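Only one structure is covered here, and it is reproduced in the block below.
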Amino acid sequence: MKRKILNNKWYLYLTEFFAGMGVMAVELGASRLLAPYFSSSQIVWTIIIGTIMIAMALGNMWGGKQADRDPNPDKLYRRILIASIWIAAIPVFGKYVILGISGLLILTINSNYLIVAAFISCMIVFVFPLFLLGTVTPSLAKYSMDNIEESGQIVGTLNACNTIGSIIGTFMPTFVTIPAVGTAVTFLIFSGILLVLSLIYFFSEKRQKTLCIYGIILFGLCAVFGNSDSFAFWRNDLKYEGESVYNYLQVSENSESIALSTNVLIGVQSLYMKSDTLTGMYYDYALAAPIIAGYEDGEDFDILVLGMGCGTYATQCRKYYPDAKVEGVEIDEKITELAREYFHMPEDIQVTTYDGRAYLQGIDRKYDVIMVDAYQDITIPFQMSSKEFFAQVNGHLKDGGVMVVNLNMRSDKEGNINQYLCDTIGTSFGSIYTVDVGYSGNRELFAFNDPALINRLWETVTPYGDLNSQMTKVRENLKEYEAGDHIFTDDKAPVELLGMQVIDDMIVEEVTYYKGLIKEYGVREILSGYLGI
């Protein structure tokens, strides 16, 4: 059923181009929408790519059958219009759907929570519009062919247009729209392009005017109510909420502190205490590293922080070890900007915007203390967890130098991720000590090669009473670790799967109490007791 506008194959090629662009833009947007709730680990990316491929495959199959059965281009552009409105609605409803799914599943499953929750979220939020966009290529192939002799050329051109659109749809969200205007507006931009594409078709053919009007109205409503980059929509204590190329970023403030988090629901990556006191977190425990390394208010004492964040540890080192030279590496430049603006990180502390391991590869300098603080919840970079990496760190320590690592998912189960990390560190260091951080899931690790260095923790008294009290706490809870044979390598480091196991255990432990209440009293009785319903 030929339409005038389709006599020009360039419009068909443009349709293919923008459909490919839209698919990849949604995929990149999906990763950013899910990351604040489920992390941006390889597991989450695998789920996103897998569900999108499912949607596209089903769309290709169904679209091809429909094109043969009823080759009416009106139906294709109607599907594109519907897909555009669905995509525009994702910023309006997506985060509520994700939180709702998370809340339901956390009470109903005991294992693989991250996989199940992320998969169901993707299926509900993203599969349908991408299924519709998956029908574009087989439908356009049907409409484009006038004879069998040119079928190869036409199909090749359509695929080329789709691929080029996909390339642009990959780069633009990551490097342009998401950092500039956020995830919500990114969805609106690319859904708007698809909407305009379908409107041009219908207006040129003077068809489906009512559908077009409804589409414009719905898109306008989505633009009004979905034009927000707020993921933590229930909070009113945020000084900053935004996105960078790498992270969702949230700066919150209360009467005592300012905190940075890269996750909506859990975790604090940096902390500034307004009273200029110790934080009560793992940074305080890590202050033992310069003492073990022999800091005595002398010269040429160098500290490197890999995973600088907003500079909590660096700022503490500057306070308690004033003659030490402190520098850091942080891959996210926006985090460094927040450190200067909100966290009072001294201007003379140098921060290099780079990957921590790549930075070590590019320098020949050595340090007295290297702090590895690059692990965020389940998002643990495998390249900074392997024996090759820790050997590299060891090679950049001076004689008597100390590496301190923040292990952020504490577990005592056999074969847990911390055991793997500790055993892996044992391939490069002769002495390893750990201390559990009170009231948190963190465990601080100290690694060095001279066993006698640990004695300095008992021999050294600093000029700071609060630091001395903290070191007493470290000494009382310090444990020597005997390395085993659970080793991560560059070739094999399943950090996401092991981290997910710890998260599953944490969830089970936290919700067991509430499950017991529900089982014993029922939801109605609990609501009646707590809410007076």
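The values are calculated or read from the model by the stated rules, or taken from the named source; none is laboratory data. Just so we're clear, the structure is a prediction, and the values are computed from it rather than from any experiment. With ideal geometry, Cβ positions are generated from the backbone for all residues, glycine too; neighbour counts draw on all protein chains shown.
Do the conditions hold for Arg456, that is, is it touching a Lys or Arg at 6+ places or on another chain (Cβ under 7 Å) and either of a type in the set (Lys, Arg) or within 26 Å of Gly395 (Cβ to Cβ) (or both)? The answer is no for Arg456. Take the conditions (1) surrounded by fewer than 20 Cβ atoms within 10 Å (Cβ to Cβ); (2) under 24 Å from the mean Cα position of the chain (by Cα); Met371 misses just one of them, which is (1). Does at least one position in the range 177-188 carry a residue that is more than 24 Å from the chain's Cα centre (by Cα), modelled with pLDDT of 90 or more and surrounded by 15 or more Cβ atoms within 10 Å (Cβ to Cβ)? No, the range 177-188 has no match at all.
Given the structure, is Ile193 touching a residue at least 12 places away in the same chain (Cβ under 8 Å), part of a helix (DSSP H, G or I), farther than 26 Å from Leu221 by Cβ and assigned by TED's automatic domain parsing to the domain that holds Ser84? In short, no. Does the range 423-475 hold any residues that are within 20 Å of Phe389 (Cα to Cα) and without any contact (Cβ under 8 Å) to a residue 24 or more places away in the chain, and which are they? Within the range 423-475, just Gly430 meets the criteria. In summary, Ile87 fulfils each of the numbered conditions (1) over 17 Å from Leu28 (Cβ atoms); (2) modelled with pLDDT of 95 or more with the single exception of condition (1). Residue under question is Arg79, and the condition is that it be buried (at least 21 other Cβ atoms within 10 Å of the Cβ), among the basic types (Lys, Arg) and either out of contact with any Asp or Glu (no Cβ under 8 Å at 6 or more places or on another chain) or not assigned by TED's automatic domain parsing to the domain that holds Leu199 (or both); does it hold? Answer is yes for this residue.
Within the range 449-484, the only residue that satisfies the criterion of being among the hydroxyl-bearing types (Ser, Thr, Tyr) and within 20 Å of Gly426 (Cα to Cα) is Tyr481.
Restricted to the range 404-511, the set of helices (runs of 4 or more DSSP H) holding at least 2 residues that are crowded, with 19+ Cβ neighbours inside 10 Å comprises 417-425, 465-477. If you filter the range 62-74 down to residues that are free of Cβ contacts under 8 Å to residues at least 40 places away in the same chain and in a helix (DSSP H, G or I), you find that the one that is surrounded by the most Cβ atoms within 10 Å (Cβ to Cβ) is Lys65. Among the residues of the range 302-357, the one identified as among the aromatic types (Phe, Trp, Tyr) and farther than 20 Å from Leu271 by Cβ is Tyr354. Here Tyr295 fits the description: farther than 17 Å from Leu407 by Cβ, touching a residue at least 12 places away in the same chain (Cβ under 8 Å) and not acidic (Asp, Glu).
Screening Met56 against (1) crowded, with 24+ Cβ neighbours inside 10 Å; (2) closer than 27 Å to Ala117 by Cβ leaves a single unmet condition, (1). Restricting attention to the range 380-403, the residues that are touching a helix residue (DSSP H, G or I) at 6+ places or on another chain (Cβ under 8 Å), part of a strand (DSSP E or B) and surrounded by fewer than 22 Cβ atoms within 10 Å (Cβ to Cβ) add up to 1. Contact map, the range 340-352: first residue polar (S, T, N, Q), second residue part of a helix (DSSP H, G or I), Cβ cut-off under 7 Å, separation 6 or more or different chains; pairs are Thr352/Tyr359. Checked across the range 152-175, the condition of being among the aliphatic types (A, V, I, L, M), assigned to a helix (DSSP H, G or I) and under 18 Å from Leu81 (Cα atoms) holds for no residue.
In summary, Asp412 fulfils each of the numbered conditions (1) over 25 Å from Gln42 (Cβ atoms); (2) modelled with pLDDT of 90 or more; (3) of a type in the set (Asp, Glu) with the single exception of condition (2).
Looking only at residues in the range 290-330 that are of a type in the set (Asp, Glu) and part of a loop (DSSP other than H, G, I, E, B), the one that is nearest to the chain's Cα centre (by Cα) is Glu330. Restricting the range 251-270 to residues that are assigned to a strand (DSSP E or B) and either more than 17 Å from Leu99 (Cβ to Cβ) or at pLDDT 90 or above (or both), which is farthest from the chain's Cα centre (by Cα)? Only one residue fits best here, namely Ser257.
A residue that is at pLDDT below 90 and closer than 26 Å to Phe171 by Cβ occurs somewhere in the range 219-226.
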